[in-house]
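Undergrad: One structure follows; several queries about it will come next.
Coordinate-derived values only; no laboratory data. On a predicted model such as this, the values are computed, not experimentally measured, just so you know. Positions of Cβ are generated from backbone atoms using ideal geometry, with glycine treated the same way; all protein chains shown enter the neighbour counts.
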Amino acid sequence: MQVFPFIVVAWIIGVGLYGIATSRNLIHQIVCLIVVQSSTYVLLLGVGYVTGAVAPYFYDVPVHTPAVDPVVQALALTDVVVEAAVTALLLAIAIQAHKRFGTLDPHELAEFKG
Amino acid sequence: MFFAGAAGLVAFYLWGLLGLPGFGNYPGPYGPAILRVAVAQTQATGVVSAVNFEYRGFDTVGEEFILFTAAAGTAIVLRMLRGEGERSPVDEARDRDAPPTSNAVRTIALLFTGPVVVVGWWLASHAQTNPSGGFQGGVVLATAFILIYLAGAFLTFSKLSPTDVTDAVEAAGAGGFAAVGLAALFTGLPYLYNYLPLGQIPGAVSSSGTIALISFFVGLEVAAAFLLIVSELLEQTLLIRHGGR
Amino acid sequence: MTGAVVTPYTVPAGLMDTLQVTVLILVAAGATAVVLTRRLVRQVLVLSVYGIMLAVLFLTFQAPDVTLSALTVGAVALPIVLLLAISKTRKKEE
């Protein structure tokens, strides 16, 4: 249990990179990028977890109850929002590429360069 | 070729990760330090929101503007295309008939719209007490508009969220956050200083000063940015479908 | 430190370990499924399910705030935007 979450993180990032490398469609690649980025949430929250602690909310528990780290949770929250913004922008660019060149295949797109 | 490279990368990555303190034994200095002081300093019981909107509020301003820029960038990229599309309208989806919306979908979508608005509003306004905040609330609020679209009422959708208004609301959200921070400067306090009364009861909705206010503005900004992106994409789809007919 | 303070939200350590390992395995399988689904519309549906699995994982990591945003963004917002983009570029891909 000490290292299992980190092995899962490495697996997610490896599988996502494999998807990006073998994909023949820009939108499929964007979804694989979402998978790669989702590994960072698991990593951040896995680092901050404390065994036996509660979530950092003290609405109805005593203030000095041991709690998991709130700083990495705030970072993960930022991460999720940035992911959404990046995805929207990438999709807009993919749509423009499709509109201009009529294809979403990165290999074919490379021929239009220059 | 790829597998050799990937295996090497993942091996190095794992090697690095295994050097971390084991799962469940987080020793870091910042988390425990903030947990010790946060509730007493801010009267907010949601420490994650306190970190996001107070301790690293300046960082969150930057993040707001990332979202703002992404929405604006999406709009700009797609608007350039619209000018091109008008010259040579091609129906790229000619082979596909859009099926009429079924009554079941319409009823369920309309039934859910009201509750979704309430949940979104509750989330955006309770950042300081419960696990919630402007980010989640904003997306949920925007989803209510998309439900209306799903019910087949695109006219209502575009009447309720004309792009000009969405743009303005998004700017108001992002600007409001920055303004809350700037207001502190005028009274001689540091940027984003929490100058509102903190309240006496930790966990009350009116407690925690600027945290609640900032969360509200973040909710506005996120909802408007998401709606703007969706309606830009929707307009593209509709434009093309009508173009060839 | 474990079990020093018991609240209504404290989960017994053994049960928590089992939960976390189960959901971690599900998440790893979900990521693999998303990458290996090649049809775009199906992939978006699988991505939505993967988003829900991530949300459950974050709940077992005691992060309800991130759970909510993973639910709203990963399982709702991203699929909507992706489906719109797919419908925009669809004909050439089929």
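Undergrad: Calculated from DSSP H runs of 4 or more alone, at -39500 (n - 2.57) each and per residue, what is the 222 nm mean residue ellipticity of chain C, nearest 500?
TA: -22500 deg cm²/dmol
Undergrad: Quote to one decimal, in nm, the extra length available between B:ALA178 and B:THR107 on full extension: 0.36 nm per residue of separation minus the C-alpha distance between them.
TA: Length gained, B:ALA178 through B:THR107: 21.5 nm.
Undergrad: What does the average come to when, for each residue of peptide A:32-39, you count the partner chain Cβ atoms lying within 10 Å of its Cβ?
TA: Rounded to a whole number, the mean comes out at 5.
Undergrad: Under the 0.36 nm per residue contour assumption, what length would be gained going from the current alpha-carbon distance of B:ALA33 and B:TRP121 to full extension?
TA: Contour length minus Cα-Cα distance gives 28.5 nm.
Undergrad: On to the next question. Mind grabbing the base-10 log of I(q)/I(0) for chain C at q = 0.15 Å⁻¹? Debye formula, identical points on the C-alpha positions, no solvent, two decimal places.
TA: With one equal scatterer per Cα and no solvent, log10 I(q)/I(0) is -0.67.
Undergrad: Related question: From other protein chains only, count the Cβ atoms within 10 Å of every residue's Cβ in B:219-226, then give the mean. Intermediate values should be presented prior to the final figure.
TA: Numbers: counts 0, 0, 0, 6, 0, 0, 4, 8.
Averaged over the peptide's residues, the number is 2.
Undergrad: To continue, here is another question. For the Cα atoms of chain C, what angle does the longest principal axis make with the long axis of helix C:40-60, in degrees from 0 to 90, nearest 10?
TA: 10
Undergrad: Over the Cα atoms of the range A:28-114, Rg to Rh with Kirkwood Rh, two decimal places?
TA: 1.25
Undergrad: Using only atoms on other chains, find how many Cβ atoms lie within 10 Å of each Cβ of peptide B:56-68 and report the average.
TA: 2
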